[in-house]
Amino acid sequence: SDPPVGSVIAAKPAALRLEFSEAIELGFSGLDVLPASGGAMSMNGVRFAESSHKVLIATLPMLQPGVYRVKWHVVSVDTHRTAGEFTFTVKP
């Protein structure tokens, strides 16, 4: 992922990028970014990277310093469903 799982980053990311080992079905996949303060954030849709249907990208709003939790779920083209979550921190 970018930002990396468990990372502490100084620059505020403009997008979240998740790469998977197999191509995925976009219509059955998604993600949420949740700030530690609670509530989901508004994102401008989730899309494939131009180069691969194995990579999801979501444009992020301007992030304030703090801890963020990413919750994702995907369905691969062979109908295998998987989900997970991780955190990253934006430094002040």
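The values are calculated or read from the model by the stated rules, or taken from the named source; none is laboratory data. Because the structure is predicted, anything quoted here is derived from the model rather than measured. Reconstructed Cβ throughout: ideal geometry from the backbone, glycine too, with neighbour counts over all protein chains shown. Areas reflect the complete protein model, heavy atoms only, side chains present, ligands, DNA and RNA absent. Shrake-Rupley method; radii C 1.70, N 1.55, O 1.52, S 1.80 Å.
Normalised by the residues of the chain, what does the relative contact order come to in percent, with Cα pairs under 8 Å and at least six apart?
Relative contact order, the chain: 38 percent.
Which residues among region 51-92 fall inside the zone where the amide N is under 17 Å from a point 7 Å beyond the Cα of A15, along Cα→Cβ?
In region 51-92, the label zone of A15 (backbone N under 17 Å from the point 7 Å along Cα→Cβ) covers 51-63.
Where in region 23-85 are there trypsin sites (Lys or Arg not before Pro) that are in a DSSP coil and have at most 13 other Cβ atoms within 10 angstrom of their Cβ?
The qualifying sites: there are none.
Under 17 Å from a point placed 7 Å out from the Cα of E50 along the Cα-to-Cβ direction: which residues of region 14-41 have their backbone N that close?
It comes to 15-17, nothing else.
Under a no-solvent Debye model with one identical scatterer per Cα of region 4-92, what's log10 I(q)/I(0) at q = 0.10, 0.21, 0.23 Å⁻¹?
-0.25, -1.02, -1.17
So what is the accessible area of the chain per residue, in Å², with the probe set to 1.4 Å?
Heavy-atom accessible area per residue stands at 58 Å².
Given a 1.4 angstrom probe, I'd like the percentage of the accessible area of the chain that is carbon and sulfur, rounded to a whole number.
With neighbouring chains kept in place, the figure for the chain is 53 percent.
Over region 49-92, what is the relative contact order in percent, taking alpha-carbon pairs closer than 8 angstrom and at least six residues apart?
Relative contact order, region 49-92: 38 percent.
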